[in-house]
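Undergrad: Pasting a structure here, questions to come.
Derivation of every value follows stated rules applied to the coordinates shown; laboratory data play no part. Worth saying up front: this structure is predicted, and the values here are computed from it rather than measured. Cβ atoms come from the backbone with ideal geometry, glycine included; neighbour counts cover every protein chain shown.
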Amino acid sequence: MSDTPNACVKQDEEDAEIFAEFITESLANLALVDQNLLLLEHGPNQESVNELFRGVHSVKGSAGFLKMDSVQKLAHEFETIFDHVRHNRIQLNSEGIDVMLRVNDVLRSLLETPTAKIDIQPSIQELKRWELAQSSSGTLERSECETQSLETDVNARVDMIINELELSATQSVATLSRPHNSELEISAAPKTEIAGHGSNGTPNASPKSGNAHDTSIRVPVAVLEELVTLAGELVLSRNQLLRMIDSAKLKGFVGIGARIDQVTTAMQDSIMSARMQQVSLLFNRFPRLIRDLNQKLGKRCRLLIEGGDVELDKTILEALADPLTHLLRNSLDHGIELPEKRVSVGKNAEGTLQLKAFHEGGKVRIIIEDDGAGVNRDRVLQKAVERGLVHPDMAPRMSDREIVNLIFKPGFSTAEVVSDVSGRGVGMDVVRTNIERIGGTVDVESELGKGARVHITLPLTLAIIPSWIVQQDDFRFAIPEAAVIEFISLTPSDLKGRLECVNDCETIRWRGGLLPLVRLRECLPGRCRTSSRRQKINKVVVIETGIFQFGLAVEQVCDPEHVVVKPVGEHLGQCGYLEGVAVLGDGNVAFILGMQGVAEKAKLGVKVEPVPDETVKIDVSRNESQAAVIIRRANGNTAAIPRMVLQRIERVDPDRIQKSNGMLIMPYRDQQLQVIELDSGILNHVREQHRDHCYVAVFTIRETEIGLLVSEILDIRDISTTVSMNETVHRAVCGTVLIDDVVVELLDVYAFADTVLNKRLKSNQLAESSTRVSSSVAQPDVQTVDLSDSAVDWSRFTVLLAEDTPFFRNQVRKFLELSRFQVLLTDDGGQAWEFLSNPSNKVDLLLTDIEMPVLDGFELALKVRSTPRLQDMPIVAITSLHTGAAQRRGRDVGIDDWQIKLDRDNLTNSIRRQLITGKRQPMNYVMETT
Amino acid sequence: MNKPSKPHELMTFEIAEYVFGIDINDIQEINCHAVLSRVPVDYDAVAGVINLRGEVLTVLALGRLLGIKSPPTSGERASYVVVKSTGGRVAIAVDKLKDVETIPAKELQNLPANFQLPNQHVVRGLVQRQSGILLVLDSLRTAELGLVQAV
């Protein structure tokens, strides 16, 4: 893939970007080195020595993988000295500090002008000379006899250093005018500038001419911070102005006020978003790192990246760069084994490193996982004791987790050889310091031989999480989207059948089980409620956290909003159910609900699952509801389409739907989607009214996506599955249901699509009765089976259907009966098993849903397959689960074919194929093999 | 009680009929515009939160904590003194901001034994002036009012 010129260009661009970042970062590190050297002048200070070492180490590491050889070489020598200093093998005197500062300057100029040829040999020799002078004569003696000369020297040196300081101060003022480390690039077209670097061949971090930047400029972060603050002030002033206009009834100012209001809000938004950057910006530099490390270490490892679009505040993202680089480097260096070793222990020769970012519980989590050798607990412990990090007496009492996390201690490294990749015992220590500095945590878990996994959790602060805003008693709360499974909207009549009291605990029927119900008002202290009456149940948010699943009744569900999470103060944090605060777009405050706390407040016992209850279950299946899209038809009637048959609903501009060859075609996900009209002329009607949008409901029939044009959507809600069938009505209507005492037509979009499409098929002279279906799904290679109606007497076969949703049960029954099978219906896996386990019942094929109460499809299949009598009976799954994992699981438990709800033709063909070619073969059947 | 040292520079403000002072070095800023939002918790210590340029600060109902005033009735305009605390920043609701006063250190006196207010440990001492008594607050202790002390 890298062969295409485009990919190359892209690679170059990325490289230039990485390069520029490296330069700014390294310069920042060198600035730190300067500072710490000067600090050390005042006396020994272990922390400064550590900082020095880390700074130079980082520069060396990055330079290594960017192939800046001279920087790497010099930095390596530099680092070696600091290593000696760190272990007290050499004392750093002020002569030494002079040398160091000079070397640091050379390093800096190497970085600032990467193209210039600077000879590093003098610097290296200078370092070596000094090192030799320190270590040749015994350090102690020498330092004693040096004391005198030092003292006489001290004044002169101090003068010199002050001069240097002055110089560097002027320099740093000068550098402010140049692009430097703490700046954020805001750009409309970020690639433009980078492409400029790339085409140059030699990217330069400090461009001397500033005229090449048309569409993007660099802005110091401080300026951005200032803008955030000012925008906040502006919001306050705006609010005052609006109140003033309102109270003084200044009519002429209302318009101006509204305008200022809009502009302020928009401005605040864009300033906030300017600070956010996708983690991919950081992640994108890692594939290169891994590639180079692979070469250097002779390993084979691929990097999988997930969640690159998670956004993080710029400051957090920047602080993450070093720790993540170190962690990946460590995983590859210490974790992933050499290919031969991997093969010998039965692993794939190529190792896998996974880097994932995602939101969880209002925090951003990053996981680095490798499938390498894992952390050797005993060796870690032994090293830790050797290096004095753990007292020998403590060792036996430590837990595995504590031991594994010892690798984060300063000065810990188990690598046998000090390589230039890692192994000086600096990496993990830096990782922890840096991550804790931004308020995050880091933790490792590992299984010997299987791999290791590093979890990084980043704080709520500054993270943006998608949330739903709900309202209760005049308070607005934000519920993190990650915790929400779905919303249920209930009318008082719905409630009668669904609300239940079990052990003094309110529950609501949901998906065939009982879900504990929590009224949000009851979690609020009495003084905060607007009414002392019991909260009516209307909207219920189904919440799932790690250990709780419950329905939270709220007064109103407002909009979804991406909120910037702020920490809640210590005082408010004490209540337990507020996890943070967010300022909403309108300047109001919303409280972020911590679901754990809400559950505790509501005194919910830990209930892992909604409790399935035998007596309730029967009730449930009678009263069960299904989600449906309620639409208005052209003739004014209301109609419902079961939500489950639809893949998506697209809101489209009517002008995007074009007429061609007598069909309506719409561009849809880079393909053409055929759109059909339920009532002819809807499109014209919509256009005549100059409406700017209509809806297209997309569903699949015979593996083809079809769109149904809908002019108006009234609601999406649960409706009863008690359908009165009426065969004589319109071809698209399969029956009627009652919704709030209004008769609503239930649409059968498949039947409708069939009739529309069949007209076209016939015109193409493809009679349905002679369709030959290749059995490509089950066996892609050999045989073609005549599955047409005439070839086999299908009515000899009995199909047992296990399906808990009445709607689907009816639909599938209809499909099967149309194909003349004998059909037996059961409501769930339990009933089906009861029937099957009776030897006198004869069934030719089991057609089963997967997600069912009592006994799900997998368990049912397992039971069937473990019964010798039933081992050869074909099992076909009919489900809306389409994940690969579910299908694999299905294959494992002995399901022969997997059909996605609900494609009639595929389903019948699959059943026919299974009955004929399947393991169980009836005595008389007709089969043609070509 | 104090040895002669630097004079105290105090920001003074009123809550009900009492006058308080806080060392200006402990004050982050003062604010007269912020709008108080109610909070869905029931703590005597907390009057609500204010949105201070995007940062949401807890507002302490100091008057209520010291038992000198019922919670502010709606419509009443409060001002806020923002002080640094161990856990971040906290705003104190006050009725009226006054001036910065410089008090010689030796004028700070201990509270008389018969001085009785709830939570009076947050008062470092008092200063007798011609215009009346000034109670000097310890900002750190004040900011920690209402927090359940960790054992």
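Undergrad: Can you give the average number of partner chain beta-carbon atoms within 10 Å of each beta-carbon in peptide A:468-478, as a whole number?
TA: Numbers: counts 0, 0, 0, 0, 1, 2, 2, 4, 2, 1, 0.
Partner-chain Cβ atoms within 10 Å, mean over residues of A:468-478: 1.
Undergrad: Under a point spin-label approximation (7 Å from Cα along Cα-to-Cβ), what is the residue A:867-residue B:68 distance to one decimal in nm?
TA: 8.3 nm
Undergrad: Can I ask one more? Show me the ranking of peptides A:302-308, A:375-381 by mean Cβ neighbours inside 10 Å, starting with the highest. The partial results should precede the final answer.
TA: Working: A:302-308: 15.3, A:375-381: 17.1.
Going from most to least packed, we get A:375-381, A:302-308.
Undergrad: Give the separation of the Cα centroids, segment A:798-864 to segment A:26-78, in Å.
TA: Segment A:798-864 and segment A:26-78 have Cα centres separated by 70 Å.
Undergrad: Enter the mean number of other protein chain beta carbons within 10 Å of the beta carbon of each residue in B:43-51, as an integer. The partial results should precede the final answer.
TA: Values: counts 5, 0, 2, 5, 0, 2, 8, 2, 11.
Across the residues of B:43-51, the mean count of other-chain Cβ atoms within 10 Å is 4.
Undergrad: Here's something else I'd like to know. How many partner chain Cβ atoms sit within 10 Å of a residue's Cβ in peptide A:590-603, on average, as a whole number? Mind dumping the intermediate values first?
TA: On the way: counts 2, 6, 0, 1, 0, 0, 0, 0, 0, 0, 0, 0, 0, 0.
Averaged over the peptide's residues, the number is 1.
Undergrad: Using a basic spin-label model with each label point 7 Å from the Cα along Cα→Cβ, how many nm lie between residue A:269 and residue A:116?
TA: 4.8 nm
Undergrad: Using a cut-off of 11 Å between beta-carbons, work out the net charge of the residues near residue A:339 (Lys and Arg +1, Asp and Glu -1, residue A:339 not included).
TA: Working: positive: A:299, A:300, A:341, A:342, A:347; negative: A:337, A:340, A:350.
Charge balance near residue A:339 sits at +2.
Undergrad: Let me have the 222 nm mean residue ellipticity of chain B computed from DSSP H runs of 4+ only, each contributing -39500 (n - 2.57), with the sum over all residues rounded to the nearest 500. Spell out each step's value before the answer.
TA: Working: 2 runs with 9 residues, N = 151.
That comes out to -1000 deg cm²/dmol.
Undergrad: Using a Förster radius of 41 Å, what is the FRET efficiency between residue A:638 and residue A:798 based on their Cβ-Cβ separation? Nearest 0.05, please.
TA: Values: r = 39 Å, r/R0 = 0.95.
For R0 = 41 Å, the calculated efficiency reads 0.60.
Undergrad: Right, next: Mind ordering A:101-114, A:20-33 by average Cβ neighbours within 10 Å, highest first? Before the final figure, lay out the partial values.
TA: Details: A:101-114: 18.8, A:20-33: 20.9.
In decreasing order of mean packing, A:101-114, A:20-33 become A:20-33, A:101-114.
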